[in-house]
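Down below is the structure, laid out as structure tokens.
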Amino acid sequence: MIKVMSKKLVRKTIDMIKELAAEAEEEESSEEEADADGEKKEESEEKEDEEKSDEKKDDAEKDKSEEEEDKYLTFWNNFGKSIKLGVIEDSSNRLKLAKLLRFYSTEDPDKLHSLDDYIGRMKSDQDTILYLPGDSKSAILKSPILKKYKQKGYEVLLLDDPIDEFTTQHLTEYEKRKVKSIAKDDVSVLEDSDKNAKKKTQKLKEMYKPLTDWYKKHLGKQVEKVAISQKLDDSPLFIFTSQYGFSAQMEKINKAQAF
Amino acid sequence: MMAKKSLEINPHHPVMKALLEKIKESEDNSPDEASIEYADLLYQMALLQSGFAIE
């Protein structure tokens, strides 16, 4: 009985948040997105604790009336974390909640963007939603791997919140597009697919074999492999993490946790 | 728990080209002290830039 109630409550909250977001869109699209995110968070929290979520809803509504313009933004700033948690824990509402997510992106680092915005700006040959996690926005923007993506015109989401990476890992797919970190070694967006380029890469690989072999031997167990990269612009080397292993950020978080 | 690191080098970077030459020049495929030190430095720099902590 309580389960049914909480389920319905969550749904209603999500719908309310969506409405809020839609209203905001009419006013300003970016604000709307933020609001939507906040609603989703509320929903997930409701599921966990009905009373709590109701309180959150009330709060969000208060925010809305107080500052119509910054409604969604305020909502996202206050409850964005809850929505992110919702994406992680509430698998049945994950897609709905994902629509409410807002992130910074290379397109305009000062504004929050929704995943739908991102998809709308995606290049026609791009099938992956790219993101890069880091300590802070400015630190991420300085990352050497970001440069080439920017040059080629690919938009990358900047995840400066430690929870963001867990969220995107649980999301894995949005609107049939894979969500991937550009700090992992399985992203192939920048790789050339035509035969000539492949031959060239092969040649480079052979040419550099003495160096990669030596480097691997020298570093030993510290690295899994040493390879030739096509993703770098003006920095000599970069350390990627494997698709299924820990990322740099997660290793940091893990180390900070005392078990 | 450690992340599985995969080091990727930029084949178009002059530093990497120079390192390759050094290794090619050496007889037993091990470059001189200075180059080894430099390679270590580059690796640690990359660790930091990639968001890892230096051990």
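Coordinate-derived values only; no laboratory data. As the structure is a computational prediction, the values presented were derived from the model and not from experiment. Positions of Cβ are generated from backbone atoms using ideal geometry, with glycine treated the same way; all protein chains shown enter the neighbour counts.
Per-residue Cβ counts within 10 Å, from other chains only, averaged over B:36-42: what number is that?
Per-residue shielding by partner chains comes out at 2.
Taking amide H atoms as placed 1.01 Å from N in the peptide plane, list the residues 5 or more away in sequence, or in a different chain, whose amide H sits under 5 Å from that of A:PHE246.
B:LYS4
List A:SER229, A:SER82, B:SER26 from most exposed to least, where exposure is judged by having the fewest other Cβ atoms within 10 Å.
B:SER26, A:SER82, A:SER229
Take every Cα pair under 8 Å in segment A:123-259 that's 6+ residues apart, average their separations, divide by the length, and report that relative contact order as a whole percent.
29
Can you divide the C-alpha Rg of segment A:70-168 by 2.2 N^0.38 Å and report the result to two decimal places?
Rounded to two decimals, the normalised Rg is 1.07.
Is it possible to state the helix-based mean residue ellipticity at 222 nm for chain B, with each DSSP H run of 4+ residues giving -39500 (n - 2.57), the sum divided by total residues, to the nearest 500 deg cm²/dmol? What is it?
-17000 deg cm²/dmol
Roughly what would the spin-label model give for A:SER136 and A:GLN222, points 7 Å off Cα along C-beta, in nm?
Each label point is offset 7 Å from its Cα along the Cβ direction, giving 2.7 nm.
In peptide A:221-228, what is the residue-averaged number of other protein chain Cβ atoms found within 10 Å of each Cβ?
Taking the mean over all residues of the peptide, I get 5.
With 10 angstrom as the radius, rank A:LYS205, A:LYS195 by how many other C-beta atoms surround their C-beta, starting from the fewest.
The order, fewest Cβ neighbours first, is A:LYS195, A:LYS205.
Over all residues in A:207-218, what is the mean tally of Cβ atoms on other chains that come within 10 Å of each residue's Cβ?
Rounded to a whole number, the mean comes out at 6.
Where does each of A:SER138, B:SER50 land when they are ranked from fewest to most other beta-carbon atoms within 10 angstrom?
Least to most surrounded, the residues fall as A:SER138, B:SER50.
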